[in-house]
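Working notes, beginning with the structure itself.
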Amino acid sequence: MALRSAGLFIRKELTSTTSRQLSTTTPLNNTFLKNSPNAYLNKQILERYKSLETPKNRVQATYLWIDGTGENVRLKDRVLDFVPKAVSDLPKWQYDGSSTYQAAGENSDTTLVPRAIYKDPFKPGKNDILVVCDTYSADGKPTESNKRASLMEDMNKVEKEHEPWFGIEQEYTLLDIDGRPFGWPENGFPAPQGPYYCAVGANRVYARDLVEAHAVACLYAGVDFAGTNAEVMPAQWEYQVGPSLGMKASDDLWVSRYILQRIAEEYGVVVTFDPKPVEGQWNGAGAHTNFSTKAMRADGGMKAIEAAIQKLSKHQERHIRAYDPKEGKDNERRLIGRLETSSITEFSWGVANRACSVRIPRGVADAQKGYLEDRRPSSNCDPYAVCGALVRTCLVE
Ligand SMILES: [Mg+2]
């Protein structure tokens, strides 16, 4: 019912801009989630089975991996006959890489190597786990979309000395099953941006339940979950992970994306990480990445921050290629030099300036130490590739 009235209200707020041909005479017709099968399943039925007693030594493990698109998560479940104590206890596993854009049909066995364990917020057993894996082709080499392997290699070289921390701000948009931003009127647009960011109220914010369920599930899982907020475009949200040392922020981001999509699936709602889900005067979605080293965090760390920015300024192209799964093509739609973004071709930086490639937050400039914020990564970026580019440019070379 809340959504129904939200729709009514938006319709009243519709602007009369001529570029937006809005039918003010169409009667409101509540079609939210009408065609979403999952929205209609009775979720109570599963609860009956979840409370059945299962053998104590049986553990359900969900293996997660990134498919050949570089942006979608795949998963399959297996039952273990022991309780794993560490990720090294877990067996490798094969899957059909020809069905995930990762191998040819005649040589399709692709290998999952377990890398990190999280508690599973969906399965009923207290030992049930989510397992972050990376993927290897038949020849033993990392698959093309496995950006984790090279990040791990570089991290092993620099982690001890530099203690790199990453914090990532994940923006995303909720859609109805037909691809329309969730809660938007069927014919037309909501009122222009302004009242929605960090807002409250049924006429401004949609699906907060989902957002709050996600926060709790991530905390339960062991993600360094740091917060959430409603974003500038209605139906757009953000959450943050980190700051965390080394690989953890990237692993956490992938796990948190999986959890978000699972919860949304239960509601019958679709999550998109597309960096520009609606054309026009609507903010795109990014994955601003906050980065620091031991030297940047120490007194007088501004020197180390400026040195890193100097290096970054020389590698704009390398970073743009690493910052979305289509090597810059996705970000072309988002980094337009307007709507709180910088130009895709030119590197820029500044204090407290959100139209820059790299921003130094005001508090960091005042304290002369802290971190930098790289605002270029798109919302559908692979954090292994993003953190990998930062580590390579600023620390390895
Ligand atoms: Mg944001």
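Counting helices only, and only those DSSP H runs with n ≥ 4, report the 222 nm mean residue ellipticity of the chain as the sum of -39,500 (n - 2.57) divided by its residues, in deg cm²/dmol to the nearest 500.
Result for the chain: -8500 deg cm²/dmol, rounded to the nearest 500.
I need two numbers for the stretch 134-246: Rg to one decimal and Dmax as a whole number, Cα atoms only, in Å.
Both quantities, over Cα of the stretch 134-246: 19.0, 56 Å.
Counting only trypsin sites (Lys or Arg not before Pro) that sit in a DSSP loop (anything but H, G, I, E, B) with at most 16 other Cβ atoms within 10 Å, what is the longest stretch of the chain containing none of them?
Working: sites that count: R20, K34, K43, K56, R58, K85, K92, K126, K314, K326, R338, R354.
Longest site-free region, per DSSP loop and neighbour criteria: 127-313.
Using Cα pairs under 8 angstrom and six or more residues apart, how large is the relative contact order of the chain, in percent?
Values: 786 pairs, mean separation 65.9, N = 397.
Across the chain, relative contact order equals 17 percent.
Consider all pairwise Cα distances in the stretch 164-304 and report the whole-number % of them above 27 Å.
That fraction is 26 percent.
Hey, what's the Cα Rg ratio for the stretch 156-396 versus the globular rule of thumb, 2.2 N^0.38 Å?
Normalised Cα radius of gyration, the stretch 156-396: 1.00.
Per the Kirkwood formula on distinct C-alpha pairs, the Rh of the stretch 45-144 is how many angstrom?
It is 14.6 Å.
If Lys and Arg each add +1 and Asp and Glu each add -1, what is the summed charge of the other residues whose beta carbon sits under 13 Å from the beta carbon of Y267? Mind dumping the intermediate values first?
Details: positive: K43, R208, R262; negative: D176, D209, E212, E265, E266.
Summing Lys/Arg as +1 and Asp/Glu as -1 gives -2.
Which entries of K248/K311; K119/K141; K147/K248; K119/K157 show an alpha-carbon separation above 19 angstrom in the structure shown?
Those over the limit are K248/K311; K119/K141; K119/K157.
Run through every distinct alpha carbon pair of the stretch 331-397 and return the Kirkwood hydrodynamic radius in angstroms, one decimal place.
Taking the inverse mean of 1/r over all distinct Cα pairs, the stretch 331-397 comes out at 12.8 Å.
If r is the Cβ-Cβ distance from K160 to E279 and R0 is 35 Å, what FRET efficiency results, to the nearest 0.05?
Efficiency, rounded to the nearest 0.05: 0.15.
Where does the stretch 230-330 land on the Kirkwood hydrodynamic radius, alpha-carbon pairs, in angstrom? Mind showing how you got there, number by number?
Numbers: mean 1/r = 0.0611 Å⁻¹.
This gives a value of 16.4 Å.
Would you kindly calculate the translational diffusion coefficient of the stretch 73-224, applying Stokes-Einstein with the Kirkwood radius from alpha carbon pairs, for 20 °C and a viscosity of 1.002 mPa s, and quote it in µm² s⁻¹ without decimals?
Details: Rh = 19.5 Å.
The diffusion coefficient I find is 110 µm²/s.
How fast does the stretch 285-325 diffuse by Stokes-Einstein, in µm²/s, taking the Kirkwood radius from C-alpha pairs at 10 °C and 1.306 mPa s?
Details: Rh = 11.7 Å.
Rounded, D is 136 µm²/s.
Over the stretch 234-315, what relative contact order in percent results from Cα pairs under 8 Å that are six or more residues apart? Intermediate values should be presented prior to the final figure.
Details: 28 pairs, mean separation 10.1, N = 82.
Computed over the stretch 234-315, the figure is 12 percent.
Read-outs throughout are calculated quantities, based only on the coordinates presented, and are distinct from any laboratory measurement. What you see is a predicted model, and the numbers here were worked out from it, not measured in a lab. Note that we place each Cβ from the backbone using ideal geometry, even for glycine, and neighbour counts take in every protein chain shown.
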